[in-house]
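Peer 1: Before we start, here is the structure in question, set down as structure tokens.
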Amino acid sequence: MQTGQTDAELIHRIRKGEHTLFACLVERYQSYVFTLVLRQMGNREDAEEVAQDVFVKAYRSLADFRGDARFSTWLYTIVKTSCATFLRRKRPVINSLDKVELAADTQNPAETRSRHDALNRAIRLLSPEDAQVLTLFYQGEQTLEEIGRIMGLETNTVKVRLHRARHRLREVIEKHYRRESIN
């Protein structure tokens, strides 16, 4: 695989007819896409279906990619619309925080699978907007400006939302995971 090439180089070659190189983009972004989708869907089975759909749509729409933003930013817009479409078709299940069983309440820190899993569980307890901005910034490594374009917000608004989301995440961690070491 041509994993040493930039996204722009791969896209250029794919547009020129080397369609098998799209697998390189899938490999490069599959974890990013799956994480974003899973946060929206809430369950692995639906997330796998939507993530696959995202890459099919990206492949079919690659000719529309203008390159004025990073490929990951463009891909995120496909994630966002694919999740919204899927959730419109399927009635979402809404869980109350009172009904969520937290492993941290019954297990000691040595029994937790990993810091990463605990952090992801905590993020799932946040609002979709908070989870989105944290995921885009930390996992997606998007700049504040790019997140603003994705979310349709001013850069300063993104900065404030990110700050507030971090604060709410800290509160969730302290409340539900105080015995687990996530830091």
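The values are calculated or read from the model by the stated rules, or taken from the named source; none is laboratory data. All figures in this text were calculated on a predicted structure; none of them were measured in a lab. No Cβ is skipped: glycine too gets one built from the backbone with ideal geometry, and neighbour counts run over all protein chains shown. Protein only, heavy atoms only, side chains kept; ligands, DNA and RNA dropped before computing areas. Shrake-Rupley method; radii C 1.70, N 1.55, O 1.52, S 1.80 Å.
Peer 1: Considering only region 59-72, how many residues are open to solvent by 60 Å² or more (accessible area, probe 1.4 Å), more than 16 Å from R28 (Cα to Cα) and assigned to a loop (DSSP other than H, G, I, E, B)?
Peer 2: Residues of region 59-72 that are open to solvent by 60 Å² or more (accessible area, probe 1.4 Å), as a first pass: 59-60, 63-64, 66, 68, 70.
Subset that is more than 16 Å from R28 (Cα to Cα): 60, 63-64, 66, 68.
From what is left, the residues that are assigned to a loop (DSSP other than H, G, I, E, B) are 66, 68.
Number satisfying all stated conditions: 2.
Peer 1: Do you know which residues across region 12-28 are under 30 Å from N120 (Cβ atoms) and open to solvent by less than 30 Å² (accessible area, probe 1.4 Å)? Working first, answer last.
Peer 2: Step one: filter region 12-28 for residues under 30 Å from N120 (Cβ atoms), giving 22-28.
Across region 12-28, the qualifying residues are F22, C24, L25.
Peer 1: For the structure I just gave you, tell me whether F34 is at pLDDT 90 or above and farther than 28 Å from R164 by Cα.
Peer 2: Values: at pLDDT 90 or above: yes; farther than 28 Å from R164 by Cα: no.
No; evaluated as a whole, the condition is false for this residue.
Peer 1: Among the residues of region 32-58, write down those that are in contact (Cβ under 8 Å) with a residue 60 or more places away in the chain and either in a helix (DSSP H, G or I) or among the hydrophobic types (A, V, I, L, M, F, W, C) (or both).
Peer 2: Going through region 32-58, the residues in contact (Cβ under 8 Å) with a residue 60 or more places away in the chain turn out to be 32, 35-36, 39-40, 42.
Correct list: Y32, T35, L36, R39, Q40.
Peer 1: Quick one: L21 ticks every box in (1) within 22 Å of Y138 (Cα to Cα); (2) in contact with a helix residue (DSSP H, G or I) (Cβ under 6 Å, 6 or more places away or on another chain) except a single one, so which number is it?
Peer 2: Checking L21 against (1) within 22 Å of Y138 (Cα to Cα); (2) in contact with a helix residue (DSSP H, G or I) (Cβ under 6 Å, 6 or more places away or on another chain), the one that fails is (1).
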